[in-house]
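Throughout, read-outs are computed from the coordinates displayed, never taken from laboratory work. This one's a predicted model, so the numbers in the text were calculated from it and none came from an experiment. Here the Cβ positions follow ideal geometry from the backbone for every residue, glycine too, while neighbour counts run over all protein chains shown.
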Amino acid sequence: MKARLRRTVVLVGMMGAGKTAVGTSLARALGVPFLDSDEEIERAANRSVAEIFARDGEPFFRAREAQVISRLLAGKPCVLSTGGGAFMQDQIRAEIAEKGVSLWLRADLDCLWNRVRHKSSRPLLRTSDPRGTLAALLAVREPVYAQARIIVDSRAEGSIDEMTARVIDALATVPGLMD
C-alpha cells in the first residue's frame, strides 16, 4: 500500500539536479501526479521557456512562474518540479513553506555541468562561457536553496530508483507529510 501524501512535495534546485527524473519516479512511487512548473508555463503561454525569455524577458517569466506555482500549490497534493530560479523568489518560498514541503536536490558543479552541457533548452546558459555562468548561478542560488525544508544530495553515480528511495526516506522524517 502506498503512503498518502498530505502536502505537495516541491523539488527545487539547479538545472540538471534531477528534478524531472527523480520527481517523475517519486510521483509514481507515491501514487500522485507529477507536475513541472516550466511545462505548465509553456502550456499556458503556448511557447517554450526559451521563447518566453527571448520575447518577454526574465521578469515577465518569473511573474508567470509565481502565478503557476501558486495555482499548483492550491491543488491536490502532488510532486512538483520547479525551474531552477523559482525558489529564489521570496513569495514562492513563503507559499511553498505554507502549502507544501520544499526539497532541494543538491548537486555539485561537475555533476550539473555534465548533465546540462549538451542541452540547448537552457536560456540562462546561452552565454560565451556557459560553465562559468552555471558556476555563478550555483554560487548565488546555493544559500537560498539551503532554506529548503529537506536537502538530499544528487550524485552523478547511482540510479534514479536509488535516488528516489533516498528522497522517500527523507520525506518520511517530516511529521504529518504522509499517512
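For the chain, the antiparallel share of DSSP beta bridges with both residues in that region comes to about 5%. Take the alpha carbon atoms of region 19-68, find their center, do the same for region 108-179, and report the distance between the two centers in whole angstrom. A separation of 16 Å, based on Cα centres. Every Cα-Cα pair of region 1-61 was included, and the share exceeding 19 Å stands at 44 percent. Stokes-Einstein diffusion for region 1-108, with the hydrodynamic radius set to the Kirkwood value over Cα pairs and evaluated at 37 °C in a medium of 0.692 mPa s, equals 234 µm²/s.
GNM on the chain, alpha-carbon springs under 10 angstrom: the most fluctuating residue among SER154, SER25, SER48 is SER48. Simple rule: put +1 on each Lys or Arg Cβ and -1 on each Asp or Glu Cβ in region 1-68, find the dipole, and look at LEU26, ALA44, MET14; the Cα lying farthest toward the positive end is LEU26. For region 88-179, GluC sites (Glu not before Pro) are listed when DSSP marks them as loop and at most 11 other Cβ atoms sit within 10 Å of their Cβ; the list is GLU157. Charge tally around SER102: other residues with Cβ under 10 Å, Lys/Arg +1 each, Asp/Glu -1 each, net +2. Each 5 Å bin from 0 upward holds the following percent of the Cα-Cα pairs of region 71-168: 2, 11, 20, 22, 20, 16, 8, 1, 0. Can you compute log10 of I(q)/I(0) for region 43-95 with the Debye formula, treating each Cα as one identical point scatterer, at q = 0.12, 0.28, 0.30, 0.31 Å⁻¹? For region 43-95, the Cα-only Debye profile gives -0.27, -1.24, -1.32, -1.35.
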